[in-house]
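The values are calculated or read from the model by the stated rules, or taken from the named source; none is laboratory data. Here the structure is a predicted model, which is why all the values come from computation and not from measurement. Cβ: placed from backbone, ideal geometry, glycine included. Neighbour counts: every protein chain shown.
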Amino acid sequence: MERRLEGTVALVTGASSGIGEKTALALAGAGAQVAVVARRGDRLRELVRGLGEDRALPIEADVTEAAAAEAFVAQTVARWGRLDVLVNNAGVMLLGPIVGASVEEWERMIDLNLSALMRCTHAALPHLLRAAESAPRRVADIVNISSVAGRVARNGSGVYNATKWGVNAFSESLRQEVTRRHVRVAVIEPGAVATELAGHNRPEVQEAMRKRFDGMDLLQAEEIADAVGYVVTRARHVAINEVLIRPTGQEA
């Protein structure tokens, strides 16, 4: 990726592994200084050692805590004076039937996948709007990591579907609100990706997923990060609002 993000600052949530980690690496490789946010501080510090402490800022935080977003956005801006790119990547996928479901699992998904994303966006928007008015790019970006589950509902995925449909709806409404102010809003909708996400499920759900994707070449986290990098490095007048990425072998 060309170094089109020189002089800019990005913030990536859920950056301790998977898509978030690879996205942070990609944005730093494009020239951005990157704040990386997650609960696992040891992994963040290891990531920052690889990027260089002058290029990256580790922030150990739980994005579901009400005051967390304001705090880590403020910490990022205090360090580098601006914010140009927000990548809302933190999320969890807890699948299973609605009948007899664990309401606690539903609340965990809603809190992390949707409510925390909204709070992070709300906290970042004033800074993104200012960045869109200034050099070097005169444009800013919000990238929300959604899912194919945000457009295709499946049996056994109801509340996860609901959170990702919510992400898509929130993103499109916000896009219409701020696009003339040159803040671009994009959703990236991955299909099956080889990350830790599936491992949060109960054993019987993990087994069903293994059977569904048996023999399929899954997407890799760096391939989703590449899509994020493409979206945020377009010319100022080009807005990529939605990217749906499936493994070639995935039908739905």
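Suppose the filter is aliphatic (A, V, I, L, M), part of a loop (DSSP other than H, G, I, E, B) and surrounded by 14 or more Cβ atoms within 10 Å (Cβ to Cβ); does Val152 pass it? Taking the combined requirement at face value, the residue satisfies it. Taken together, the residues in the range 92-112 that are part of a loop (DSSP other than H, G, I, E, B) and either in contact (Cβ under 8 Å) with a residue 40 or more places away in the chain or under 21 Å from Ala26 (Cα atoms) (or both) amount to 8. Condition first: at pLDDT below 85 and not in a loop (DSSP other than H, G, I, E, B). Now tell me which residues in the range 203-223 satisfy that. Matches in the range 203-223: Pro203, Glu204, Val205, Gln206, Glu207, Ala208, Met209, Arg210, Lys211, Arg212.
The combined condition, being surrounded by fewer than 22 Cβ atoms within 10 Å (Cβ to Cβ) and either β-branched (Val, Ile, Thr) or more than 27 Å from Thr179 (Cα to Cα) (or both), is fulfilled by Ala101. With the structure loaded, tell me whether Leu27 is among the hydrophobic types (A, V, I, L, M, F, W, C), within 15 Å of the chain's Cα centre (by Cα) and closer than 24 Å to Val167 by Cα or whether it fails that test. Yes: the conditions hold for Leu27.
Okay, residues lined up against (1) modelled with pLDDT of 95 or more; (2) surrounded by fewer than 18 Cβ atoms within 10 Å (Cβ to Cβ); (3) outside any loop (DSSP other than H, G, I, E, B); (4) not basic (Lys, Arg):
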position	(1), (2), (3), (4)
Arg3	no, yes, no, no
Ser16	yes, no, no, yes
Val36	yes, no, yes, yes
Ala90	yes, no, no, yes
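Pairs please, first residue from the range 1-30 and touching a residue at least 60 places away in the same chain (Cβ under 8 Å), second anywhere and of a type in the set (Asp, Glu) and part of a helix (DSSP H, G or I), Cβ atoms under 6 Å, 6+ apart in sequence or on different chains. As it stands, the answer is Ala15/Glu21; Lys22/Glu222, since those pairs meet every condition given.
What about Ala24, is it within 20 Å of Arg4 (Cβ to Cβ), in contact with a Lys or Arg (Cβ under 8 Å, 6 or more places away or on another chain), in a helix (DSSP H, G or I) and not polar (S, T, N, Q)? No. Within the bounds of the range 115-131, is there any residue that is more than 15 Å from the chain's Cα centre (by Cα), surrounded by fewer than 20 Cβ atoms within 10 Å (Cβ to Cβ) and in contact (Cβ under 8 Å) with a residue 60 or more places away in the chain? No, the range 115-131 has no match at all.
Evaluate the following for Asn144: is it modelled with pLDDT of 95 or more and part of a helix (DSSP H, G or I)?
No.
Apart from one condition, Ala67 fits all of (1) small (Gly, Ala, Ser); (2) touching a residue at least 12 places away in the same chain (Cβ under 8 Å); (3) surrounded by fewer than 24 Cβ atoms within 10 Å (Cβ to Cβ); the exception is (2). Entry remark, the range 159-202: residues being surrounded by 17 or more Cβ atoms within 10 Å (Cβ to Cβ) and not in a loop (DSSP other than H, G, I, E, B) number 26 in total. Residue pairs whose Cβ atoms lie under 7 Å apart, sitting 6 or more positions apart in sequence or on different chains, and linking a residue in the range 145-159 that is of a type in the set (Ser, Thr, Tyr) to a partner that is assigned to a helix (DSSP H, G or I), are Ser146/Lys164; Ser146/Val167; Ser146/Asn168; Ser147/Lys164; Ser157/Ala149. Note on the range 188-236: residues that are more than 18 Å from the chain's Cα centre (by Cα) and within 16 Å of Gly18 (Cα to Cα) amount to 2. For the range 72-87, which positions are over 18 Å from the mean Cα position of the chain (by Cα) and either surrounded by 15 or more Cβ atoms within 10 Å (Cβ to Cβ) or not in a loop (DSSP other than H, G, I, E, B) (or both)? Result: Ala74, Gln75, Val77, Ala78, Arg79, Trp80, Arg82. Counting only residues that are more than 25 Å from Gly150 (Cα to Cα) and part of a loop (DSSP other than H, G, I, E, B), which one in the range 47-71 is nearest to the chain's Cα centre (by Cα)? Step by step, filter the range 47-71, then rank; the result is Ala61.
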